[in-house]
1. Buried accessible area between B and A (1.4 Å probe, both chains summed, ligands and nucleic acids excluded), in Å² to the nearest 100?
2. Hey, what angle do you get for helix B:222-251 against the long axis of chain B, alpha-carbon based, 0 to 90 degrees rounded to 10?
3. Give the lysines whose C-alpha is closer than 19 Å to that of B:LYS426, dropping any in the same chain fewer than 8 places away, or say none.
4. For peptide A:554-562, what's the mean number of Cβ atoms from other chains within 10 Å of each residue's Cβ?
5. If the limit is 21 Å between Cα atoms, which of B:LYS95/B:LYS642; B:LYS299/B:LYS504; A:LYS62/A:LYS228; A:LYS409/B:LYS504 go over it?
6. Helix B:665-681: angle to the longest alpha-carbon principal axis of chain B, degrees 0 to 90, nearest 10?
7. Could you give the semi-axes, largest first, of the ellipsoid that matches the protein assembly as shown, computed as the square roots of 5 times the alpha carbon gyration tensor eigenvalues and rounded to whole Å?
8. Can you give me the long-range amide H partners of B:ILE172? Hydrogens built in the peptide plane at 1.01 Å from N, cutoff under 5 Å, separation of 5 or more residues or another chain.
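The values are calculated or read from the model by the stated rules, or taken from the named source; none is laboratory data. All figures in this text were calculated on a predicted structure; none of them were measured in a lab. All Cβ positions, even for glycine, are placed from backbone atoms using ideal geometry, and neighbour counts span all protein chains on display. Just the protein is used for accessible areas: all its heavy atoms, side chains included, with ligands, DNA and RNA removed. Shrake-Rupley method; radii C 1.70, N 1.55, O 1.52, S 1.80 Å.
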Amino acid sequence: MNTEITGVLVTFFITLLIAFPLGKYIARVFRGEKTITDFMSPFERFIYKICGIDPTREMTWKQHMAALLSINLVWVVYAFFVLIFQDKLPLNPDGNPGMTPDLSFNTAISFLVNCNLQHYSGESDLTYLTQLIVVTFLQFVSAATGVAAVAVLFRAFAEKTTTKLGNFFVFFTQTITRILLPLSIIMAVILAFNGTPASFDGKDSIVTLQGDSVQVSRGPAAGMIAIKHLGTNGGGWFGANSAHPLENPNYVTNMVEIVAQVILPMALVFAFGFFIMRRRLGYVIFGVMTLGMLTFMIPNFFSEMGGSPALAKMHLANATAMEGKEVRLGVPASAYWQVMTTVISTGSVNSMHDSSMPMSGAMQMLGMMTNCFYGGKGVGLLNYFIFLIIAVFISGLMVGRTPEFLGRKVEAREIKIAAIIALLHPFLVLAGTALSAYFAAHHADINWAVKPGAWLNNPGSHGFSEMLYEYTSSSANNGSGFEGLGDNNLFWNITTGIVMILGRFIPIIGPVAIAGLLAKKKYIPQSAGTLQTDTATFGIMTYAVIMILAALAFFPALTLGPIAEFFNLY
Amino acid sequence: MSDNTSRNKLFDGALVEEALQQSFVKLNPRIMFRNPVMFTVEIGTAIMLAVTIYTYATGDTTQGSAGYNLAVFLVLFITLLFANFAEAIAEARGKAQAQSLRKTREDTPAKKVFAVGEIRTDEIKVVSSSQLAKGDIFVCEAGDIIPMDGEIIEGLATIDESAITGESAPVIREAGGDKSSVTGGTKVLSDFIKVRVTTEPGESFLDKMIALVEGASRQKTPNEIALTILLASFTLVFIIVCVTLKPFGDFVNTPITIAAFVSLFVCLIPTTIGGLLSAIGIAGMDRALRANVITKSGKAVETAGDLDTLLLDKTGTITIGNRKATHFWPATGVNEQAFITSCVMASLADETPEGKSIIELAHTQGVSNRYVKKEHARFIAFTAETRSSGIDIDGNRIRKGAFDAIKNLVTKAGNLFPSETEERIKAISSNGGTPLVVSHNEQVYGVIELQDIIKPGIRERFERLRRMGVKTVMVTGDNPLTARFIAEKAGVDDFIAEAKPEDKMRYIKQEQESGKLVAMMGDGTNDAPALAQADVGVAMNSGTQAAKEAGNMVDLDNDPTKLIEIVEIGKQLLMTRGTLTTFSIANDVAKYFAIVPALFITSIPALQGLNIMHLKSPESAILSAVIFNAIIIPILIPLALKGVAYKPIGASALLRRNLFIYGLGGVVVPFIGIKLIDLLLAFFM
């Protein structure tokens, strides 16, 4: 077999090998059992003490959400102002300016919501200080927020009937101290030893082989790049993200980065199974997610490996789709990354998604449209849970019982919430895209600083894909860019900012509310007539629900974008 | 299950006619609004009507030809009618069933009693049954039709209840006790009874039920509401999909006609289940009615599908009637014929079924009671003190009773209780039988063995319930030893022995506390609290008024095994909803492949590659899709009315099966259907 393909397979199996025991470990952490990171507990107690947190206080789902939302509000206000005034603050060796309010609005939200959509370029628009105390800080806390939210789900189904669902701040703090920090330190060291900068010095200048003098940006990047992946954040230190040679120097760092971004979403699925003592359920969910990932991975892989038929017509041997890809990484590793970074909500890139083949572009968007095959840290499982509830409802009926999940009846109220959440994502993506398409089509020359007519590098279907991708990425809190879109202007900063914030918090509140409501209900013991949710059949049912609901809603839009391009090309 | 013919005949001529009429009446937007999915279709239809009129009036063809717009409008209009027809035919069938019951009670003359004083006898006047109010008293003689539901306050009568139950054997109803209730529409065959009316006119069970199937008071069940919410949200998603398609199309310079938008929308929203949803609910109650069970709400039927535990009385449900004498065992040295004769004499005054069965058994063994002269005899009735009964005749004291009672009697008189007889008694008990010891002048004479006869086929029914996940519990007054034997023999999962009404109640509460849904059947007034406590309480029609008020279903056949049927009806109801929802949504895949390429093909010809069904033209593709969408509704009406068959094969196997048939089928069928319709349309276009 081709070495590069072997490399991809090895990467996947390494991910699995790490994720499984990590899942067990996470379950132990949240259960408060003995773990190897218990040396952190004095530190945690110190944090609780200075913050006035009573770690033994159990919260209801509403109290959880109140804590989550209020602390997030504090962070976004903080980030917004620090970004605006960054030019007046220290650690700015390159003398970069403060952000405009609209860009700051977009950026603060973008990192708060774990999206990391970047309408700026790190080298020229951020200072080392804001890279650290805004970007890196938010990358830690937003990841921990997602995990703390999914921990409520864990607690809700671990016990029979309860309103006590643990303490938000404990889940949050432990996620950082026991999961994110230790892993980030290990990873940052690996990256630093492979050539990623970890320095507070400003730009360096080198003389290339051609003899030109080039200014090379650097900074304390290794630590940030570690959490960027571990926290499924995806926002790069440098504008070119992980395609940049300092952000992702070689094949080994590439493997480390792609493994790092997938392990926690995967591990949380296993952790769910371990925590609620239904391992099989964890495995079935993992199986469905993997099947979903492969549904997008395989076409993406083959269309990238096949390359453009236009090149084939010119009789170029082995014309894979190399445009927009890094030679040191190659096509298979880039294709694998393209799909992984979109099915989970990292959104870091090691190649130019705009340059990938039409079918690949469609698969990347579908990864974000479904947004629950592994998905973002914590939130991926929460999104999956919504589809699972809908699947439980329909299949419960199909076996002749009023639907129930893990011994709790699923009734009108839960279905109402699930329906709203399932509806929200297509609404945000399609409405956003419709708005931008409307301005681009009907008001191309409106008197704005950047005219809608000048937004896009490409007309027609490809231009449409660029807009569709941007909103999909925002709503899915993915943050990757298709690029080719002039997005640092008022329209895009504000609209995607709103889409990101709605696409983050409502899909967290909804599933947590359902879990909280179900946890309160009377526990019904199983019988022979009870629908088992940890079977392959039910897994297939969930898969079908996700594909038909999440993917079909986007079919007409995809037809106008990548699918039309695909048929035009072949 | 009284009329299999009407059950099989789904579309009776008169019913269809009425349903057709109703289909148009139901087009009223205010009625339509109750069903959000079909309401949006109605809006779409109205839009298409406007477009059609516009294109005819102006000759403008940017929205497609007038004929094409008219065709789309007509198909959508028919879709609405089909959906209304489904609901209307279900209602009509229920109504017809209810009417046939109601007919028996309209304009029945009632002999109302007017109290005129303490001394003079009451005056009786004939009035119409509709003039009877709750609390009124009427009398019925042989040959009269009972005008109203009520309770006998005086007298006893044999009554023919075949009009309601289909059971031709007359039943006895009498004042006091658990058999005092009579139902309007039934006929008194003999004797005279005085009855107090227990319901207001129009509020009898039958009336309530009729109102339910007629839809007037039909409320959506919680599950139906949840499904409606889900379907409404699907509809909303597709509204978003269709509305946003307009600027998308503008951006890529692809004009899309209004007809195409509306067709895409109507095809994508779950019209199949949306159109059939209420029909399924009504049909579920109707099926219960056809099984001669009146349900007080649709929710009760749904709940029945979820039952975890079933409380069943042993007598009459698991065993045939009462215990029967099966064997005479004379004590050592006692002549068998003499023993049997003693048994007969001891049982002469015993009116209990057990007592009668002893005489019956004696008959078969050639001993009859005709030699006994009653004048010389003194009958000793059963008392709680002696716990035995018998006869004193010509200086012979014959007693019959439970083992310990007779043992007491015998040993008190200084006689010995023979050990062989004691052995025999043990043997009978451990076989699930009940021993009755007979003594003659305080000497043990022998033992009568009474046995429960378990109904044939009951074991299989319990097995079926077990596979459905329903636990069966036998309730009996027997001692635990006997109860255990019968429980094992009948195959029930648990039993309550020596049960008092409070025990039933306690058991139900205990099961409910652990989260289970419990059903029970009962007829007596002392069952009423337990019937009310149970999630599904089925009262027998022969039961007391209190029992009927407490339960949420009434079984007209008085058949205790009916619960099994009710569980299946409940399951069928939910399954029909689930499978048709799955089918409806799975259909979208094919419809997308028909309509989406048709939308864009003129401006992006390359999308011909997406037209995998090779439909002839964009217009024919869209028409084929909407036609398929319309005709699938009437095709599925029989399924909606009959319900999806329930097979107790375990939940996962059932899901697999239904997912394969309705999920995969739902994906494949429309591909074939749309292609066929397109081929047919080719002849006209």
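1. For B against A, buried area totals roughly 5100 Å².
2. Computed tilt is about 10 degrees.
3. B:LYS324, B:LYS400, B:LYS407, B:LYS489
4. 6
5. Over 21 Å Cα-Cα: B:LYS299/B:LYS504; A:LYS62/A:LYS228; A:LYS409/B:LYS504.
6. 50 degrees
7. Working: eigenvalues 1084, 301, 120 Å².
Rounded to whole Å, the semi-axes are 74, 39, 24.
8. Close amide H contacts, sequence-distant or interchain: B:ILE159.
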